[in-house]
Structures are given as C-alpha cells and as structure tokens.
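Note sheet for the following structure.
Derivation of every value follows stated rules applied to the coordinates shown; laboratory data play no part. On a predicted model such as this, the values are computed, not experimentally measured, just so you know. Don't worry about glycine lacking a Cβ; one is built from the backbone with ideal geometry, like all the others, and counts go over all protein chains shown.
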There are 6 protein chains.
Amino acid sequence: MRIGEMNWMQVESYLQVDDRCVLPLGSTEQHAYLSLSVDSILSERVAAEAAEPLGVPVFPALSYGLTPYFKDFPGTISLRMETYLHILQDMLDSVYRSGFRRILLCNGHGGNAPAGAFAMEWMADHPDASVRFHNWWSAPKTWAAVQVTDKVASHASWMENFPWTRLAHVTAPEVQKPMTDLELLRLQNPAGVRRMLGDGNYGGFYQRDDAEMLAIWSVAVAETRALLEGPWA
Amino acid sequence: MRIGEMNWMQVESYLQVDDRCVLPLGSTEQHAYLSLSVDSILSERVAAEAAEPLGVPVFPALSYGLTPYFKDFPGTISLRMETYLHILQDMLDSVYRSGFRRILLCNGHGGNAPAGAFAMEWMADHPDASVRFHNWWSAPKTWAAVQVTDKVASHASWMENFPWTRLAHVTAPEVQKPMTDLELLRLQNPAGVRRMLGDGNYGGFYQRDDAEMLAIWSVAVAETRALLEGPWA
Amino acid sequence: MRIGEMNWMQVESYLQVDDRCVLPLGSTEQHAYLSLSVDSILSERVAAEAAEPLGVPVFPALSYGLTPYFKDFPGTISLRMETYLHILQDMLDSVYRSGFRRILLCNGHGGNAPAGAFAMEWMADHPDASVRFHNWWSAPKTWAAVQVTDKVASHASWMENFPWTRLAHVTAPEVQKPMTDLELLRLQNPAGVRRMLGDGNYGGFYQRDDAEMLAIWSVAVAETRALLEGPWA
Amino acid sequence: MRIGEMNWMQVESYLQVDDRCVLPLGSTEQHAYLSLSVDSILSERVAAEAAEPLGVPVFPALSYGLTPYFKDFPGTISLRMETYLHILQDMLDSVYRSGFRRILLCNGHGGNAPAGAFAMEWMADHPDASVRFHNWWSAPKTWAAVQVTDKVASHASWMENFPWTRLAHVTAPEVQKPMTDLELLRLQNPAGVRRMLGDGNYGGFYQRDDAEMLAIWSVAVAETRALLEGPWA
Amino acid sequence: MRIGEMNWMQVESYLQVDDRCVLPLGSTEQHAYLSLSVDSILSERVAAEAAEPLGVPVFPALSYGLTPYFKDFPGTISLRMETYLHILQDMLDSVYRSGFRRILLCNGHGGNAPAGAFAMEWMADHPDASVRFHNWWSAPKTWAAVQVTDKVASHASWMENFPWTRLAHVTAPEVQKPMTDLELLRLQNPAGVRRMLGDGNYGGFYQRDDAEMLAIWSVAVAETRALLEGPWA
Amino acid sequence: MRIGEMNWMQVESYLQVDDRCVLPLGSTEQHAYLSLSVDSILSERVAAEAAEPLGVPVFPALSYGLTPYFKDFPGTISLRMETYLHILQDMLDSVYRSGFRRILLCNGHGGNAPAGAFAMEWMADHPDASVRFHNWWSAPKTWAAVQVTDKVASHASWMENFPWTRLAHVTAPEVQKPMTDLELLRLQNPAGVRRMLGDGNYGGFYQRDDAEMLAIWSVAVAETRALLEGPWA
C-alpha cells in the first residue's frame, strides 16, 4: 500500500503486526524518448503492486539518484554519492525509529548500486534490522523474461517502454539500435557519453508489443513479492 | 508541465526559449487523518497547475523534508538538515547545468524553511541565477483566502484537506479542535509534541466544504503562477 | 552573568542548583554606518542584562553567522550553513555535557534563523533538554515597541543604533531612507544586494533619540528575561 | 614501477612522455587462514607486474577499504563509505594535479565497488581525464581461468591462496567447503555473517597446486596490462 | 583596530591601501581560578594592541576552539576538529573575498594548533594569499620573557593571570603547584585529565607581580606587531 | 608483528591476552632523491621492529597523509585534513571494535601532526581506550641521536636516507645544503615551496655513513618499543 494512501494511525496499526516496508529508489534522468521519470515510476509501481496483497507499506520513490554520466542530457538531476548516502542513512534511521525492521530497497536505476553497499554499513550499525537491496529489472527471473523476449535490451530501450513510461504524442523510431560498447562508454565524461549515445538508448528496439511487456511486468511483480515474503535474515 | 511527462529532448527544446523551472519541496509526515504525503502532493500539484499555461517544467517533488519533531508519529521520515542542504545543492547545481537560471522552490512544508536560507547561499555562488523560495500556503493572497474562510486553520486541519489529500474510507472528526499553544509546542521533544497534539491536527476543523477549498486553491494557483511570471532579479 | 566573568568552579556550583544558560548568536556583517559587530554586541548584551538578576550564565556571542547576501560589503564574514549547523551541534553538545538542560539561543541576526530549525533536530536527539530560539529584536513586545516608535525600521537603521553600536567620529545621514523592496532584494545575488542597498540600511532614519532607544531596550531586556523564567517544556 | 621505488624527479620525467598511473585498492580484512592483507597484496602486485614493462607508475595500495560485514572478525578495519569517497577524491585530485590523466583503479576487494561509481562522478568534474575501475580477479579472462580450474571458488578460498598471501606455519584444511548461500549472507548483520561463515572462507578448497595458481596469475597480469594499454576514452 | 569599531565603508577604504588583517583564535575552557575566556581575551587583546599603530583590522576572536580533554570541567565548550576546519575555511574565504591577502591567525590556545596545518591546505587553494599562524604566548621572544621570569609556567598558571583575565572576588592559592607530567596527561580521557589536574592549573604559581606581567605583555605585543610588519611570502 | 603476516584467528588469540596495537602513519610525498614512500616505509618499519619482541600487531601503514605544501612536486598525494580525520576515526573505531584499547599512532611525517590532536577528541568519546601519538623521528632520544651525529638534519636530508629508503641507481649530491628558512617557507604556497626548496631537501648532507644511520635506527626502535611497554593511562 502506498504511504500516500495511508495516515500515521494506519501505519501505527500495521506496525503492531508486521515490520516490513519498501523504499523505492528512482532517478530523474534521460531515457531517450521515454519519460525522464522512468526509474521512479517503475520502482514505485513494481513495489506497490508486489506489496498490495501483503499489505506492506511502500514509501514514495526517492525521485533523484546517482547519474553523473548523463549530466549533459538536459533535465537530468544527479545527486553526489555523499549526498545519497546521507539520504539513505536518514530514511533508514526514520523508518527504523517508526518500528520497521525488514526493509526492501526496491531500486529502479543501475547507477544507484552504492545504495546496496551502504545498506551493509547501515546494518552493521543496526544489528536487529535487515535491509535487502533489490534491482527489480535485473533480478534473475525478470532478467530471464527480458532475455527470452529479445536479447538486445538496455537502458531506455523497449525494456523500459511500458504504457506508464511512454509519453503521449511522442513516437519512437522503429529501428533496432545496435548495442553501445559499454566498456568504452564507462570511460567517457558526460560529453563523451552523450556523443556515444545520441538519443540516449543504449541499444535495441525502442518499443515492443504491450502483451510482451505485461508478461515481463507480471514476472517482476511476482519476483519482488517473493522477496518481501522472505526469507529474511 | 511535469518532468515525468517530458523527455530530455523536450527539455532541451524548452531551454532554447526559456530558463525557468520549479522544484517542489514536500515531506512525508503525519497529517492527522490525512495522507502522510500531503505536503508532497500539494506542493507538486499547485506548481504543476500554476506552470501549465506557461509551459514551465515542474520537477518531481522531493518527497522527504525536515520534520524531526514528528518523529514519534509512525510513517514520518525526517532528513537531517545537513542532508537537506546537500540535496538542494545537488538539485540546484543539476538544473543549473541543464541551463535553468530562474528557479522556483515551491515549498509545501513549514519545516523546510532552511531551504530558503540555503537558496541565498547558493545564489552567492551562482551570481547569474535567481532562486525564489515560495511557501505556497502562506503566501499573502492564499493566506488571506484561508483567513477569510476560517481563522482557526493549521497543520493537518481543514486547510490541508483537499479532495486529493484526504483518504478513502477515513472519516475525520466533525469538531473544531482548539488551537495548540505553538510557542510551548516548539519547546517539546518528539514525545512531548505527540502528547500535546494527539491526532496531529494543530487546531481547527478537520474538513470544510469543497467549494471553499477549491476557491482557496485557485487563489494559490494564481499566486504561484504570478511568481513564475516575475519579476525576477 | 557573562561566562568571561566566571571560572569553571563557579559554573559547577551554579549547576548544582540550576540548569539554564544562554548562547548568544551574532554576526559580523555590514550595518551601514554602524559597527560591523552590531548583531554580536546586541545579542550578547541583551542576554547579559536579562540574565543578570537570575544569575544565569551567558556564553560569549558566536561572532559569526549566516550572511551570504552581504558578501560584497567588505568586512563581512559569512559561514556556510553546513558549518553553522556543526557549530551549533558542538556548542549544544558541550553545554549539555556540562549539565545544562534549558538553553536559550538569543539570536541577533535574521539570517541565523536556521539555528531555530536545527534546535528542533537537536532536541529530538536529546529528549531531556529544551532549547528555545529567540530573535530578541522581533519578539512580540520588543517589535511592538519599535513599531510604536517609528514604523519605518529595518536592518542597519535607527532601530539598531544604540550608544553601544554606533561608532565614534562617524556621522550618519539625517534623512529617512525609503524602505527597500524586500521581496525583490531576496532574489538578488550579492552584487545586486549591494546595488539595491547602497549604504546598507534597508530603510528608515539612521538614528533616533536615545531616550526612545533606551525605552525599547528595556522592553527587550524584560522580554528576554521572561523567556528565561519560563515556562520551559 | 612502484612509486616507492621512484623519487619525484623521476615522476616528473615520466610525465613528460606519458600520463597513465595505477592506484591499487586493497582492504585489511579476514581471509580465513590467509593473510589479513590479501586484497592489498594482490591488487598492488598484479598492478606492479602489469605495469612493469610499460613503465607506468603504481602508487602504494590503499590498505583499507569497505568491509562492514566482516567487523566481527578481529583485525578487520572498515572505512565508512563517506570516508572512502573523500579519500578517492583526494587521491584522484592529487594525481591529476601531478599531471596524470589516465588512471587505473586496480581493485582487489569486492566491497570496494562504490569506488567505480565514484569514478564516474569524478570524471564528470574532470572532463579531460579518464578513470578505469578494474576488479582484477573478476575481469573476464581471469575469471574464466578461475572457473576452468575449479568452479567452487570464492572469498578466502584457494583462489586467493598464492605463495605471497599464505602464511608461514599455518596449515589450511584440506576439505572442500560447501558454498555459502550468498543471498542469505547479504541479509546478515556482522554477527550473522560470522556465524554463517565460520572460518571466513565462502566456499571451496583452501588451497590448490601452485602451478595452477601461477597460471591464473599470469592471465590476470596480462589482462590488467591490456587495460593499461588501452583503448582509453 | 577592532572590527567592532569599524563599519564596512572604513574597511573598504582600508583595502584600497593595505591587505592585512588579524583573526584571533580563542577558546572557552577551564583556566583554574581565572576566567573561562582567558584565551579569547588574550588573543584578541594582544592582536588589537599590536595592530593599533599599523591600522590593521582585527576581527572578533573566535570564542570557541578545540579542547576535548577539558570536557569534564563545566563551562568548557569544545568544537569538533571537523567543525573547526569548516569555520576556518569560511572565515578565510570571507576575508579573502573582501580583499585581504595577508592574514595573521593570532592563536591563544595550544589545542587550536590544527588551525596552523589547515592554513597550509587553504594556501594551496589560494596561491595569491599568505596566512601566518602565530601562537602569541609561545613565540620565541615572549616565551623567553616568560622563562626569564619563572621557569615553572603553564596553562592556567600565573603566566595567564593578567589584570584582564583574573576575576573580581576570586582569590587564587599562593602556593607553587608542582608541574603535571604532561606526557602522562596526554594519554588520559577527560575524567583522567580532571583527576590529574585538580583545579586546572598545569603547574606553577597562580599569580605574580603585575609589573612582571606587563613586561611580558609588552614583549608579546611587540613580537606580534613585528610579524604583522613582515616579511610575508 | 605485521598484520599482513597474521590471519584473523591469530589476532583473536592475541586479544585474549593483550590489547595493544600500532597504526603507522605514512605519506607519499617528495623526499628529494629518496623514495616517495620514505615516511610510510620508516613508520611501518620502526613500528614492526619495536613491536616484534612484544608480539604486538602492527597494521599496514596508511600510505597517504597531509602534505598540501608539496603539491607541486609530482608524485605527491595529499589528503584533505577533513578526509584524514575521517580515516583516523574509522581506523580507531575498527580496532576498538576488534578489542584493542591501547593504540600507538606511529607517525612518520611532520605534516600529520593533526592526528595527535584528533586522538584527544577520539579518546574523549572512548574513555576506556588510550591513544598515544608518537613522532618516531623527533622523540627525545632519537632526536638527540640525530643531533649528536650532525646538527644540520631535516626533511629529505641524510637523516631520512637509510638503506631501505634510498633508491638503486640514484646518486645524491655530496654537498651539505644550507638550511632553508623554515619560517619563510611556511608562508609560501606550493609554487613558492618548490621554488625555495629546489630538489626538496630542507638542508644538510644528502647521505651519511650507514653505521651512523643504523645507530640512530636502533635508538629509534628502542624508544618506540619503550612507549609500547608503557606506562599507558
């Protein structure tokens, strides 16, 4: 259940019987022809659908993340890593104070990976809590579903193009973009990243059939739900 | 226009002809019987409606703010002030790099006031940009509209109870709660704050007629839009 | 009693019977024709006079504060907000360790307002202590006394011109400066602030009769003393 | 060439003709029966052997890294992530000031992965430099060589047991330890990690034949050298 | 000239012809029977007297410094080292922006020594400025004058007992306290420091004849003035 | 015993019977014709030889320190003071968690002096531990041995030229360099420091007879060992 659809009294009641919650981690960054909010939309939505039948509260997505390499695509906002650690610290400390002890970080953006490392540090300071870092799109079953559909899948390609991330009145190209050399990409400054990527898609078609997308989505929801169910530490 | 409904190419086009944007500042905190997301919902929505006819982009609300005094109401998340300054720094730096130069911080939570002070510091470091800090609910015309409606208005009372912040299936009391002694409240630790506030409303009715609410809202939208129109520095 | 007139043994004795103290918050910044130390002088002096009959210790004013907008007036020193939070943290932690539990932050500079917000955060971490943030010059009774005297009163105008803040051999203009547009002022970078302000006075006469000043002062001392007397949380 | 075998004049001469260098990233942490310095020894040594024929300077390994989960194994030192970012910032800034522009971070410890993310942030601030983050042991060719030798290979197992990391007078068990459930491990606090791991080996034999080890080593040296040779951005 | 006796216009005029200033560094800490402000009083006063005939501005003493070991003497305030570096950074940045380029840090407290190390870091970032760190009481000539007067001299002993640091109505012991074992003292926690020190004097008489004191003082003033005169870098 | 020659089980056994350890503090910086690692080599080696007969573990030298003034000598790496404090905090916290309570910081570089001040702050937070800061080369007996050998001794001169710090194939000048004016040196920016120092030696011969060096070394090892033996607080 989304926190925005709860008041504090309902959270207090919930905490009498359960101690799980989800913190979705998003980003505001270029996704080629798609919404700048793709990663926030997807991480919050997959979490909300996964948590719904369990009654687990899902906090609002943190809309900003780590994406320095996309700085030359206008509209992108990137936090410093140090800032990001502080936010995670404060968010985890706050839900811990509320009484949550099993916390799923449902991440929607590859660049946010240091959040997983930070979770280990935070757990060492809070030995009675457990934090699970989850990249929803690259978890084993979801990734397998993507690969079965089309092996050429990447950032800002069809695999992020859902009915809820594509924009009205924007038509994406119908070609299959060749994959970018990712190892070379990682050596670039932001100008080089923009030069190599052009429209921002790393490689693959820009859109596929919605039936395929919904099939992948249902795998992702189920896989995320299974993690919420446990086991936890 | 909400950034979530734009892609980077559209932002780039916009920046050819304009350099204004809005960063809404929210909070996830107790609002008595209302949604924990009241401040995020309202700050983003008033900004989006104000900006719509001007075509000015509105970034996703920062869903977390400064609210240490509400820590004992479960579901509340409070960032440290130091963390908050870092986020503001990074967000302002990022939109500045994109090319924005006139930035409205549309704030929905009184506790976030230090963001206004920080804006002064940031401007001293970026002399070709101008940042305006705007508490949408207490701006002169909006506050006047509130006062005309009912002088007993406060945090989590009717004045924050809009169709888009109240919860389905939750019925608020029909009494007018007496105003809390705010000076005494500010001397309390979180336990004392909870003890003094009870359900969290600072004082006043919990709900009023929607026609009154929509009238206030339209004042707020117009007042926010006027700030976007200028003058700027 | 000023801490500079006490030794540690006297503080230890005092703490056997009382736990109140005052931390005055000043600033070193332009005050037009007046001393650069106006805010430090006044915050420490009003605190010392208020505390005298109560025997409450008054620490030395923190001579530096938050004033980025005055950076283009030579002689002004501005701390970063992050720095300021750290100082307040350390000062509060230190007096707490000494045994003080009721602490008045007697502030002399509007730009230091984030200290009040920080006090809320610090109290959440120290639930057995209470911190009161007090802008001595704008507290209700003192502000009323100023308004009764002359409604055009502001930074660096007559309302800060006391025998102990004016400079020998400096003669201030005898005109009443029109009030600056404060809303426009807040959108300026430091160069714009200096351009708008000229000599630094925001508006009003530069000096009034000392009898009027001493009357205001006695209200301020009494109002500050009343806060020390309580109630506290 | 190790920096410890150079003086500043030699570095200055080198910088006339080349701008590459290596910063090895180590850790001081439990490695079961092996040296607590395994990750520092290996990262510095593989870098030094790789760089030798190219004449590229190799700085001393940073002997401390990110390893909060091993805090309950005595002798382990773990830096906070925030600290680590500051060190990387200062080290990169310093070699940049010396004149280096192509910098290989040769990492010996999985937990140091956030250094790779930080490199992206730093490059965005230094667009004329390129930083490559390299996990020497899991790079494609080296990892393939490990897998061909024995698929059950992990932290503190045979794959880290070289003549230069094993201890005199310490005899390791001759059994093949079953692999630990890594997903469950990541949910543990330090006490849980120690409980699950016992001696610290994640799984696999404790030692294999040195001929096998030297074969893997030569692959690793060659693979690291190839990265130094480029291409760079 | 004390900054508190100047306005910004006078500082601006001064900067047309000179670029020197003094930042006195004090401390609020136990000094046995003497004022808790000894180090602030002395550092600001010696600077003001030294600077007077040169017309060099002297900023208000920073009243708080580094003194963690005295935390168990009530009334002592100790800043964290990290805080202190930030203050120095901001103060130096501010006077640099005003136009000062030759800055004397006139220090009154041994524990503030890291300010001298920080000055080196700051100068590396501001190559057209020069900062001199000066411990006024232990500079060669002043220290020689102390030694000639009485070799048993230390913190809180006679050597800090001036007419402007001793307290009315407090009578100090007339004995010569034996010197504390300083090496052992440095290994103590605050409770151990208090236990070893008793009243806080490290060793020596508590008071000597004022003629002796004024003779030492005039040496200190002259020595400080000579540093202001140069040479500078 | 060097930690690199121990595994965690051996450290655990040691901690059953003792709680002392050594953290050597080095630097990577110009040392004229000598190795850039002089300070790391010497601090770790003197600690290891001193600790050997006592069985006290010696952690790997922290290879990087505070040396902003040498930034214009290529190959020098300087950490910011703030970074350095964080590292010391984390290292001390980590060994404390392992169970160490008497910790010798064996320092090899004058610029690292703030580590000694930080140790006082850390001890105030950990009252059951004791930290001793030791500049091995300037401790009383070692410095006396240096002075007896040759009074003109300084950074990068003969007094740092040991068989284990000089470089193969590098021949140092045979002259006695006149001492640099250290007071003037401290006022310089990095460019000025390089200009004044030339090759980097502060003054004195570049090399002396190894018999003399080994005699000094044995004094240093004995003096360092004596500190390990105590007394401690």
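Some values worked out for this structure:
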item	result
Using θ = phi - 60° and Karplus 6.51 cos²θ - 1.76 cosθ + 1.60, couplings along segment D:163-168 (whole Hz; Gly, Pro as x)	x, 9, 10, 8, 9, 4
Antiparallel DSSP beta bridges within chain F, percent to nearest 5	15
nm² value of the averaged projected area, convex hull over the Cα atoms of segment F:173-233	6.8
Helix-only [θ]222 nm of chain D, DSSP H runs n ≥ 4, -39500 (n - 2.57) each, per residue, nearest 500	-13000 deg cm²/dmol
Theoretical gain in end-to-end length, B:W164 to B:D181 [0.36 nm per residue, Cα-Cα removed]	3.2 nm
Charge dipole (debye, nearest 20) of the protein assembly as shown; +1 at Cβ of Lys and Arg, -1 at Cβ of Asp and Glu	0
Entries in B:K151/C:K141; E:K151/F:K177; D:K71/D:K177; A:K71/A:K141 that, when Cα-Cα distance is taken, lie over 25 Å	E:K151/F:K177; A:K71/A:K141
Around A:T149: net Lys/Arg minus Asp/Glu count, Cβ-Cβ under 14 Å	-2
Per-residue mean of C-beta atoms belonging to partner chains within 10 Å, peptide E:172-182	0
Radius, Kirkwood style, for chain A when every pair of distinct Cα atoms is counted (Å)	18.4
Bridge type composition, the protein assembly as shown - antiparallel percent by DSSP, nearest 5	15
Candidates A:P163, A:P24, A:P57: whichever shows maximal mean-square fluctuation once chain A is modelled as a Gaussian network with Cα springs under 10 Å	A:P163
Likely footprinting exposure, D:S138, A:S63, fewest C-beta neighbours within 10 Å first	D:S138, A:S63
Pseudo-label separations to other copies for F:V17 - Cα-to-Cβ vector, 7 Å, nm	5.5, 5.8, 5.8, 7.6, 8.3
Filtered GluC sites (Glu not before Pro), segment C:173-230: DSSP coil and at most 13 other beta carbons within 10 Å	C:E174
Of all chain B residues, the one whose C-beta is nearest the axis that brings B onto E, in angstrom	B:E82, 7
Whole-angstrom gap from segment A:48-112 to segment C:199-233, using each part's C-alpha centre	47
For F:V193, A:V146, B:V170, order by how many other beta-carbon atoms lie within 10 Å, fewest first	B:V170, A:V146, F:V193
P(r) tail fraction, the protein assembly as shown - alpha-carbon pairs more than 45 Å apart, %	44
Residue order, fewest to most surrounding Cβ atoms within 10 angstrom, among B:D90, D:D181	D:D181, B:D90
Other copies of B:R97: label-to-label distances in nm, shortest first, labels 7 Å along the beta-carbon direction	2.3, 2.3, 3.2, 3.2, 3.9
Most mobile of A:A172, A:A47, A:A153 in a GNM of chain A (Cα contacts under 10 Å)	A:A172
Chain C: DSSP helices with Cα axial extent of at least 20 Å and average Kyte-Doolittle hydropathy no lower than 0.0	C:210-229
Trypsin sites (Lys or Arg not before Pro) within segment A:62-124, DSSP loop, no more than 12 other Cβ atoms inside 10 Å	none
Residue-averaged beta-carbon neighbours from other chains (10 angstrom radius) around D:109-115	3
Viscosity 1.306 mPa s, 10 °C: Kirkwood-radius Stokes-Einstein D of segment B:1-115 over Cα pairs, µm²/s	108
Within chain E: Cβ-based charge dipole about Cα centre, in debye rounded to nearest 20 (Lys, Arg +1; Asp, Glu -1)	320
Label spacing, shortest first and in nm, from F:W164 to its equivalents in the remaining copies (7 angstrom along Cα→Cβ)	1.8, 5.3, 6.3, 6.3, 7.0
Gaussian network model of chain E, Cα within-10 Å springs - most flexible of E:I87, E:I103, E:I216	E:I87
Spin-label zone in segment C:1-36 - amide nitrogen under 20 Å from a point set 7 Å from the Cα of C:D128 along the C-beta vector	C:12-22
Coil-residue GluC sites (Glu not before Pro) of segment B:1-92, DSSP, other Cβ within 10 Å capped at 16	none
